Amino acid sequence: MAITVVGSVAYDTIETPAGRRERCLGGAATYFSLSASFFTDVRVIAVVGEDFGKRQEAVFQARNIDTRGIEHTAGKSFFWEGSYLENINEAKTHNTELNVFAAFEPKIPEAYSDSEFLFLANIDPVLQRRVREAMPDVKLVAGDTMNYWIKDHRPALLEVLKGLDILLINDTETKMLAGNNNLVQAARAVMALGPKTLVVKHGEYGSTLFHGAKIFRAPALPLEEVIDPTGAGDSFAGGFFGYLAAQRELTPAAYRSAMFYGGVMGSFACERFGTERMQKLTRAEIDARFKLFRELTHLD
Ligand code: AMP
């Protein structure tokens, strides 16, 4: 089953306690698609500027990701600068330049039209909604967002939430979106806005699945060193949604395993700067870490 994803393809400048990197390849759709590509076929919709060249494109192609929906246009690619110096679990944003995304009109290639799964990765909710509306026949739609859009683009975001089956956000964003500091109450309030399933990420502490009336908590791998958490959330989403897209049936058990695969992919993303770890990853490493996640949580 193929996933179409729309979201940022970007350059990131990142500072963490482990060091600083200038303008490395990043973006929510980039991390998502690299991660999901280990489970299923992935097709990207985004826009990049003249600063995005063959070397960056090759990162996608090496994982067989369909890039026909990445439009190349005059101007500069999306740019984000953030740091994790005070809190390794939450990025502090220093600069966001939408650049070519400001005037982006998403076009969906004909070859993408049979995608059964749609992921609306982090980007302007107006763009997320346009893509959602252009693909009305998909079987399952999941999405992500962040404080930047929750704070200043709320009406557009509320429209997106109505069209989502699954929302994946972190705990601070859940509470911010609901205006409620209790996680369970906040989760219920967010689900009342549209998504029947909510995945709340807690950084190094794991993730919680709210699926109908049921709650399931999955672990995160305690890492000895977090080099760069950028993209961990999107890599989690790629593992979670990629795994689901590869299943014959979307049973409650499939959702629970998807939570573990999300944690597995998020943990890998943190081990190197930018997309470095995702680019070198193998399926065997993913399977071994999934086993480790099971051992972490099983009583017998
Ligand atoms: P995360 O998985 O949450 O760490 O996402 C990190 C990625 O989100 C970075 O590679 C950024 O390029 C991207 N990003 C940061 N801010 C925004 C934004 N406002 N809209 C879309 N993407 C963003």
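Structure notes:
- Sites matching GluC sites (Glu not before Pro) across the range 99-156 that sit in DSSP coil, with at most 16 neighbouring C-beta atoms within 10 Å: E116
- Look at S235, S113 and count the other Cβ atoms within 10 Å of each Cβ; fewest to most, that gives S113, S235.
- Here the chain is treated with +1 on each Lys and Arg Cβ and -1 on each Asp and Glu Cβ, and its dipole about the Cα centre works out to around 540 debye.
- CD proxy at 222 nm, helix term only [per DSSP H run n ≥ 4: -39500 (n - 2.57); per residue of the chain; nearest 500]: -11000 deg cm²/dmol
- N182 paired with I215, simple spin-label distance in nm, labels 7 Å along Cα-to-beta-carbon: 1.0
- Those GluC sites (Glu not before Pro) in the range 42-107 that DSSP places in a loop and that have at most 10 other beta carbons within 10 Å: E86
- Debye intensity ratio I(q)/I(0), log10, the range 1-130, q values 0.13, 0.14, 0.19 Å⁻¹ (C-alpha model): -0.53, -0.61, -1.08
- Based on Cα contacts under 8 Å between residues 6+ apart, the chain shows a relative contact order of 18 percent.
- Estimated from the Cβ-Cβ distance and a Förster radius of 25 angstrom, the FRET efficiency linking A254 and C24 is about 0.15.
- Dipole-positive endmost among A254, A284, V138 within the chain (Cβ charges, Cα centre): A254
- Where Rh is the Kirkwood radius over Cα pairs, Rg/Rh for the chain: 0.93
- Using Cβ point charges alone (K and R +1, D and E -1), the dipole size of the range 45-202 about the Cα centre works out to roughly 360 debye.
- Take every Cα pair under 8 Å whose residues are at least 6 apart in sequence, average their separation, divide by the length of the range 16-120, and the relative contact order is 25 percent.
Values quoted throughout were computed directly from the atomic coordinates according to the rules given, and no laboratory measurement underlies them. Model, not experiment: these values are computed from the prediction. So basically every Cβ, Gly included, is an ideal-geometry build from the backbone, and we count neighbours across all protein chains shown.
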